[in-house]
Amino acid sequence: MADDRHPVRLGVDVGGTFTDVALVVGDDLTTAKVPTTTPQHAGVLDGVREACDAAGVAPADVDSFAHATTVSVNALLERDGARTALVTTAGFRDVLEIGRQTRPALYDLDAEKPDPLVPRRRRFEVDERATTEGIERAVDPDGVRDLATRIAESDAESVAVSLLHAYAHPENEAAVAELLRGELDVPVSASHDVLAEFREFERTATTAADAYLTPELDDYLGRIVAGAEDLGLPEPRVMRSNGGVADAETVRERAVTTVLSGPAAGVVGAAAVAGGETLGGQEPDGSSSVSSAAAVTFDMGGTSSDVSLVRDGRAERAAETTIAGVPLRTPTVDVETVGAGGGSIAWTDAGGALRVGPESAGAEPGPACYGKGGTEPTVTDADVLLGYIGPDAALGGDLSLDVDAAREALDRLADAAGIEGEDGLDAPTAAARGVYRVANATMARAIRSVTVERGRDPRAFDLVAFGGAGPMHAAALADRLGVERVIVPGPAGVLSAYGLLAADETHDAARTVRLALGDATRGDIADAFAALTDRVLADVSDPEAARIELAADCRYAGQSFELTVDAGSDEAEAAPATPDALAERFAAAHERAYGYRLDADVEAVTLRTTATVDVDAPTVSRTGELDAERGAREAVFPDVGAVEATVYDRDALGIGATLDGPAVLAGAESTTVVPPAWGGRVRRDGTVVLERDEGRARQTRGDGR
């Protein structure tokens, strides 16, 4: 039984290939990795049972259960959400299709826009009119009832209602939504509840996405809640895109907030490790625990890689994101995703050039080396031939490694790409080296997109690597980018699950107000923020413990874009700043971003409020051996060639152990590769800190290896 003095905390993250589990009892961490199933909830419950058995606790002993899911993002990517109807103001039926003038590929004459989530035959108009000043023409209830009949005949499974200027005056939209809920037995999403902000296209697209995702997410969470109850688990709290968790009932009412559930959990876990929150104070040598004021998080999983930025232990957030061509205006952890993961398929284009991804082998059949019928060469197969993954590696669940299948797949790729043996490598291994290089180039571009392309020098950041494949590629990426330090968390292979245990409860609300700060009074701003604060506190589990943060999207009058600035008072966290103070903060932010400020009026366009109930990240300790060496094997490094690498048992490494490359740290959930020019040290919680050794790098180059 669990020790009553210590809480038992459980986190489960569903990935494209594996479902990861992290279970903490006191300061002891138990992990599990099982194949992701269809339906997903079955794999979640399997993973919970496995972790509980390994930790010697019963599911009924668990005190808290947090969960991250890919249901919403998969529905968008695969376009298999609910049949959705859209109700909008007469004359605005085609907003979803018209979109905006800007295009992602300006000069691509063959570019195709993705189909809208709601086809035209299920888009309906209602005769009404609201302006920013008020309601000009009220809705006719009988007309809405007739509309409900037409929607029912369209076989819609959900309805989105987005009327013109409903963010400012929602009376008509609220009336339509209420009437439809009374007439139809399907969920109805109203834009003033989903996104009370201006910009018609983004508001309509986000509301349509919420309706599109709600039935499937509601069904999934219903299964998870029922399964948890059967096992004696507490009801799960669900990770949302904003990096915070909320109770399942709240999340079921706003499905669109979960599209980046899994990636957000990983970034939260990485932020906790980078900020030193999970480390146990000083190290045995008296040094302080590793911490990083600025870090790039790098999560390489089975189907994709996600990168984000962390500053001062907090993940950077964005007000919107785009998934599969669908703009979603909802607070998210700012994540850049590329289609390069362990399961990404390597192929040759029409010109014979080697490419990697975005298509993935997934969990079924998976990479060729999984021995489950996969025949396409993947990044994981390349890692096997390069010697990074050993022939006796545990892949999760009952999977075992089939090296011959990986070699055959890469041999076929070598033939297709015209790759011959070179530098003492046979053709399949030379092809594997090429796959590794191409995948790394793709992931390096993603890191540059959140650093260089935003005016940040990647050399000023540490790289926090996690996911099943991230630590295998991290040091090579750091070399490409000039990064000097790589941080590999102890539970790197299941860090998204572990991050769920460090996630705060977080709720957001926003509303467009368009206040001219030169004319506004502090009372105008205070009243608007008070309404938003009441809204977020209504969702918080413990309002007395909630921390309130205020922000405002501001712009110079006449501008078409905004910058978000802190809107809290210097005197009191939950009180708003004065209009003059807010205008000055915006001017300073504008000058930092664009190099100048204007002597012009400033508008507060949209106000934002966040309520957070802080959660203490679990502190885990590490036990193990200073000498966990388990032999050696040949490994291929792209810029060095084949060398003998020391193999360590990653899970047995003790506190204070030092490592010199070349080395491979083989673990149950992930493998860390230490190139010849790198060395490392194991910290108190099992985090491995890798640092580039310039002396060894020069020696390697001098040896001509």
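The values are calculated or read from the model by the stated rules, or taken from the named source; none is laboratory data. What you see is a predicted model; the values in this text were computed from it and never measured. Here the Cβ is made from the backbone with ideal geometry for all residues, glycine too, and neighbour counts use every protein chain on show. The protein model used for the area step is the full one, side chains on, heavy atoms only, and it has no ligands, DNA or RNA in it. Shrake-Rupley method; radii C 1.70, N 1.55, O 1.52, S 1.80 Å.
Hey, what do the phi angles of the range 113-124 turn into as Karplus ³J(HN,Hα) couplings, whole Hz, using 6.51/-1.76/1.60 and θ = phi - 60°, x for Gly and Pro?
Karplus values, whole Hz, x for Gly and Pro: 6, x, 4, x, 5, 10, x, 4, 5, 10, 10, 10.
Roughly how big is the chain's charge dipole about its Cα centre, with Cβ charges of +1 (Lys, Arg) and -1 (Asp, Glu), in debye to the nearest 20?
I would put it at about 1540 debye.
Of the peptides 664-673, 419-428, 133-142, how do they stack up when ordered by the mean number of other Cβ atoms within 10 Å, highest first?
664-673, 419-428, 133-142
Percent relative contact order of the chain, based on C-alpha pairs within less than 8 angstrom and at least six residues apart?
That works out to 12 percent.
Along the Cα-to-Cβ line of residue 375, 7 Å from the Cα, sits a label point; which residues in the range 416-437 have backbone N less than 18 Å from it?
Residues passing the 18 Å test: 416-417.
Just the number, please: carbon plus sulfur as a percent of the accessible area of the chain, 1.4 Å probe, no ligands or DNA/RNA counted.
45
Would you mind telling me the antiparallel percentage of the DSSP bridges in the chain, rounded to 5? List each step's numbers first, then the result.
Values: 92 of 125 bridges.
Counting only bridges with both partners in the chain, antiparallel ones make up about 75 percent.
Kindly state, to the nearest 0.05, the FRET efficiency for residue 400 paired with residue 364, given R0 = 22 Å and r defined as their beta-carbon distance.
Once the sixth-power term is evaluated, E becomes 0.85.
What ranking, highest mean first, results for peptides 168-180, 93-105 when packing means the other Cβ atoms within 10 Å averaged over each residue?
The most tightly packed comes first, giving 168-180, 93-105.
Suppose all protein chains stay in the model; what accessible area per residue would a 1.4 Å probe give for the chain, in Å²?
40
Is it possible to state the helix-based mean residue ellipticity at 222 nm for the chain, with each DSSP H run of 4+ residues giving -39500 (n - 2.57), the sum divided by total residues, to the nearest 500 deg cm²/dmol? What is it? Working shown, then result.
Details: 17 runs with 217 residues, N = 705.
It lands at -9500 deg cm²/dmol.
Under a Cβ-Cβ cut-off of 11 Å, what is the net charge of the residues other than residue 246 that fall near it, where Lys and Arg count +1 and Asp and Glu count -1? Could the numbers behind the result be given before it?
Details: positive: 237, 240, 252, 254; negative: 247, 249, 253, 504, 505, 508, 539.
Residues close to residue 246 contribute a combined charge of -3.
Summing +1 for each Lys or Arg and -1 for each Asp or Glu, what net charge is found among the other residues whose Cβ lies under 14 Å from the Cβ of residue 521?
Taking every Cβ under 14 Å from that of residue 521, the sum is -3.
For the range 1-113, what proportion of DSSP beta bridges, expressed in % and rounded to the nearest 5, is antiparallel? Write down the numbers at each step before the final one.
Values: 15 of 20 bridges.
DSSP beta bridges in the range 1-113 are roughly 75 percent antiparallel.
Select from the range 1-68 those trypsin sites (Lys or Arg not before Pro) which occupy a DSSP coil region and have at most 16 other Cβ atoms within 10 Å, ordered by residue number.
When the trypsin sites (Lys or Arg not before Pro) of the range 1-68 are filtered for loop state and at most 16 Cβ neighbours within 10 Å, 5 remain.
Along the charge dipole of the chain, which of 342, 131, 89 sits closest to the positive end, that is, farthest toward it, with unit charges on the beta carbon of Lys, Arg, Asp and Glu (+1, +1, -1, -1)?
The one lying farthest along the dipole's positive direction is 342.
Restricted to Cα positions, what overall size does the chain have along the principal axes? Three whole-Å values, descending.
Projected onto the principal axes, the Cα atoms of the chain cover 79, 58, 55 Å.
For residue 155, what is the net charge nearby, where nearby means another residue's Cβ is under 12 Å from its Cβ and Lys, Arg count +1, Asp, Glu -1?
Residues close to residue 155 contribute a combined charge of +2.
Applying a 10 Å radius around every beta-carbon, put 587-596, 634-643 in order of their mean neighbour count, most first.
Values: 587-596: 12.7, 634-643: 18.1.
Listed from highest to lowest mean packing, they are 634-643, 587-596.
Any idea which of 70, 180, 593 is furthest toward the positive side of the dipole for the chain, if Lys and Arg beta-carbons carry +1 and Asp and Glu beta-carbons -1?
593
For residue 559 and residue 658 in one chain, what is 0.36 nm times their gap in residues minus the Cα-Cα distance, to one decimal in nm?
30.1 nm
Calculate the dipole size of the range 506-593 relative to its Cα centre from +1 charges on Lys and Arg beta carbons and -1 charges on Asp and Glu beta carbons; express the result in debye to the nearest 20.
Dipole of the range 506-593, to the nearest 20 debye: 340 debye.
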